[in-house]
Amino acid sequence: MLRGTGHGGGDARRRALEHRRSARRRLPGWIWWLLGIFLLVGLMLFVLHHNQKEQFRPPVVDNGSEIEEVPHEKVNFTEELLSSTSFARQLADQMTLAKAYVILTKEHGNLQLAWELSSQIRNCQRLLSEGAVSGRAITRDDAHPIISRFARLIYKAQDAHYDISTTIVTLKSHALALEERAKAAIVQSAEFGQLAAESFPKSLHCLTVKLTEEWLRNPKHRSRSEEQQNSTRSVDNNLYHFCIFSDNVLATSVVVNSTVSNANHPQQLVFHVVTDRIHFGAMSTWFLINDFKGCTVEVRCIDEFSWLNVSSSPLVRQLSEVETQGYYHSAGSKNPEREIKFHNPKFVSLLNHLRFYIPQILPNLEKVVFLDDDVVVQKDLTQLFSIELHGNVIGAVETCLESFHRYHKYLNFSHPTISSKIDPHTCGWAFGMNIFDLIAWRKANTTSLYHYWQEQNSDLLLWRTGTLPAGLLTFYGLMEPLDRRWHVLGLGYDVDIDDRLIESAAVVHYNGNMKPWLKLAIRRYKYIWER
C-alpha cells in the first residue's frame, strides 16, 4: 500500500513537472517573434539615422589639407562662350544668325516669322543670362529645346529664300547705312558741342551790355583809363607783369582776381589786358569800378596797334583773303569729316594770336607771364620770374607723358618743309601759362619765325589752324621745361584728373569746350572757378 501509494505519488509529480516544462517551451516563441520585430525596426532606424548624419556632416578640414567635399564649382562663362564645344557658344551663334534673319524677314514683310525669331532670341538671352549669373555651365537638357526651335525657325527662314547671299548683301547695306548714320551723328554732335562752346551765356552778355552803357555814360571812366595806360607802373621792370588777351570780361576778372588773391604782394602785380573794340568799354569799366587788392590793371584795345596790319602780319593778310574767310566763317563745310572746331573763327582771331606779338605790345618789359582767360591761379606766380630759362625764350609745362602729345600729333610730317627741320618725337608743351624772356625773344627775332611759319602754312598744309602748332614751330628749340605742378591742363574735357594733382597745381587750365562759365562745364571742377 505504501509502495503503491509512493509510486503513484511519484508519477503524479513527474507528470506535473512535464506539464509545466511543455508550457514553458510554448511561451518563448511569441516572445522571440516580438523581439525579432523590435530588433528589425531598431536596426532600420539606426541605419537611417546613420545615413542622415553622414549626409549632413560638414567637411573635415585639416591644416594644410584641402576640403574633402567640394561644392558645385562655378565656371568662367566667358570661356564657355568662346569654347567651340559648349552649348553656350552654340546658343550664341544661333542667336546671332537669328538676329540677321529678323532683319531680313521684316524687310520682306514676314512679321510672324520675325516675331517668332525675336521671341526665341529673348528665351536664349534669358538662358544665357541665368547661366552667367549662376556661374554654371549650360547643359544639354537646358539648351536642347531652344536649339531645336532655333533650327526649325532658321530652316523656315532659309526655305523662304532668305539664303546666305541675300543675307550678306542685306547686312552689308545695313552696316554701310549704320556707318553713315554714325558719321553724321559724330559731325552733328561736334557741331552742337561747338555751338554750345561758342555761345555766350545771357547773364554774361547782359553784364557786358550794362558795363558798356556805364562806359558811354560816364566820361570819368575814359579819363581814368588813359591814366592807367600812361602809368609808369606799366613799364616798371621791378614789378611783376602779366598779360591776358580776351573778350570775356568775367573770365578775365577771374584770372586777375585768383592771381592777386594768391600773391604775397599783390600791389606789385601789373596786368596788361588787351581786348577788341566791342568789349573795350565793358572791360575797362569793370576794372575801374572794382579794386583787386591794389594791383594795376591796364586795358588796351587791339585797334591801337597800327603795326598789326596786312603788310606786317601774314595772319592779317590771310584773314583778309576771301578763301580764308570762307573756310573759317562759312556756316557749312564741303568736307564734313573736318574737325568742326577748326572752323571756329576764335581759333584764328587776332586776339588769340597776339601772344606772338608780346614784345611789340610791351616793348619796355624784360619778362612777362602770359595767362589764358580760361585758367584759375592757385599759388603765388611771382616765383616764375626767378626761374632760370637758360637763354630760352619761353618756359612751359611739357605734355608728352603720352605719345600722342608729341610734335607729330599736331603737324603734317609728310610735308618736306616740316620733316626736314623738325623732329616728330619732340615733346609737346602747353600754352595758357607761360613765362617769356622778352630780351631773349628779341635777340632770337622769334616773331619773324612765327611770320615765316605762317607764310609756309598759307595753304593750310602744315597744320590746320590754332595757336599751339604755330607755337610749337615758332619756339622749337627755344622752350625751357617747367615743373608739371605749375600748369595742370584738361579741366575743360577730362573728367578723371587726380584731385591731388589739381590741389598741388599753381594754375589749373579749363582748356577744351567745357568752359567753367558754360552750362556744359564739368561740374566736378566748376567750384574752383566759381570761388
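Tabulated data for the structure shown
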item	result
Pair ASP483, THR232: separation of 7 Å Cα→Cβ label points (nm)	3.6
Nearest-0.05 FRET efficiency for ARG126 and LYS156, computed from C-beta distance (R0 22 Å)	0.50
Ranked packing of 268-278, 133-143, most packed first, by mean Cβ within 10 Å	268-278, 133-143
Spin-label zone in the stretch 291-313 - amide nitrogen under 17 Å from a point set 7 Å from the Cα of GLU455 along the C-beta vector	309-313
Two-site FRET efficiency, LYS99 against TYR476, from Cβ-Cβ distance with R₀ of 41 Å, rounded to 0.05	0.15
In Å², nearest 10: area of ASP303 left accessible to a 1.4 Å probe	90
Pairwise FRET efficiency - ARG524 versus LYS106, Cβ, R0 = 56 Å, nearest 0.05	0.80
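The values are calculated or read from the model by the stated rules, or taken from the named source; none is laboratory data. These numbers come from a predicted model, not from an experiment. Ideal geometry is used to build each Cβ from the backbone, glycine not excepted, and the neighbour counts take in all protein chains shown. Protein only, heavy atoms only, side chains kept; ligands, DNA and RNA dropped before computing areas. Shrake-Rupley method; radii C 1.70, N 1.55, O 1.52, S 1.80 Å.
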